[in-house]
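Novice: What follows is a structure written as structure tokens; I'll ask about it next.
The values are calculated or read from the model by the stated rules, or taken from the named source; none is laboratory data. This one's a predicted model, so the numbers in the text were calculated from it and none came from an experiment. As a convention, Cβ positions derive from the backbone with ideal geometry for all residues, glycine included, and neighbour counts pool all protein chains shown.
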């Protein structure tokens, strides 16, 4: 069970890097275009050789797309009883913090230099470990672009009250709303508004 939770967090980390992978493709893609009468195709091998980093980034983009749809599938249903929001705080700034702190500076690496590529891989791995170990997988800029919102709430269940729970949702929530929840982690839940 713990391994599955860790894998889910790693998948969400890869989803959070969609913008970085897209920007790497934009910055590095080399497609020779020539419309002269004597122009010839450079060949697939040469084209792939010049675009290894872009192709790898494209693979990660597709992996992220697959992981996003798995995430959507996992959160599509909840069998728990609705809970009531007693206190609520909007924490959507967490998406922006992750984006400006990690994603934007990484695109400035010289991706033509092997040393910088190795440094980028090490840095992404370390950030990923921190992302998973600190349970910051919910601060995902890609989810923000896809319409997800973040709230810190206190909820009342049938038997108890839980404080400082992070709620990931596509709904706009306010105090006293009833929500159906699905646990993503001990202090992080996905929620849908009960209408």
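Novice: Criterion first (part of a helix (DSSP H, G or I), at pLDDT below 90, in contact with a strand residue (DSSP E or B) (Cβ under 8 Å, 6 or more places away or on another chain) and within 22 Å of residue 150 (Cα to Cα)) does residue 94 satisfy it?
Specialist: Considered against the rule, which asks whether it is part of a helix (DSSP H, G or I), at pLDDT below 90, in contact with a strand residue (DSSP E or B) (Cβ under 8 Å, 6 or more places away or on another chain) and within 22 Å of residue 150 (Cα to Cα), residue 94 comes out as yes.
Novice: Output the residues belonging to the stretch 1-45 that are in contact with a helix residue (DSSP H, G or I) (Cβ under 6 Å, 6 or more places away or on another chain), more than 30 Å from residue 134 (Cβ to Cβ) and in a helix (DSSP H, G or I).
Specialist: 28
Novice: OK, next. Restrict the check to the stretch 68-84 and report whether at least one residue is crowded, with 18+ Cβ neighbours inside 10 Å, part of a helix (DSSP H, G or I) and out of contact with any strand residue (DSSP E or B) (no Cβ under 8 Å at 6 or more places or on another chain).
Specialist: Yes.
Novice: Restricted to the stretch 8-60, and to residues that are surrounded by 13 or more Cβ atoms within 10 Å (Cβ to Cβ) and without any contact (Cβ under 8 Å) to a residue 12 or more places away in the chain, which residue is farthest from residue 148 (Cα to Cα)?
Specialist: Selected residue: 42.
Novice: To continue, here is another question. Find all pairs meeting these conditions: Cβ atoms under 7 angstrom apart; at least six residues apart or on different chains; first residue within the stretch 105-116 and on the phi < 0 side of the Ramachandran plot and at pLDDT 85 or above; second residue outside any helix (DSSP H, G or I) and surrounded by 10 or more Cβ atoms within 10 Å (Cβ to Cβ).
Specialist: Pairs found: 116/109; 116/110.
Novice: Is there a residue being closer than 24 Å to residue 142 by Cβ and either touching a strand residue (DSSP E or B) at 6+ places or on another chain (Cβ under 7 Å) or modelled with pLDDT of 75 or more (or both) anywhere in the stretch 33-50?
Specialist: The answer is no; no qualifying residue exists.
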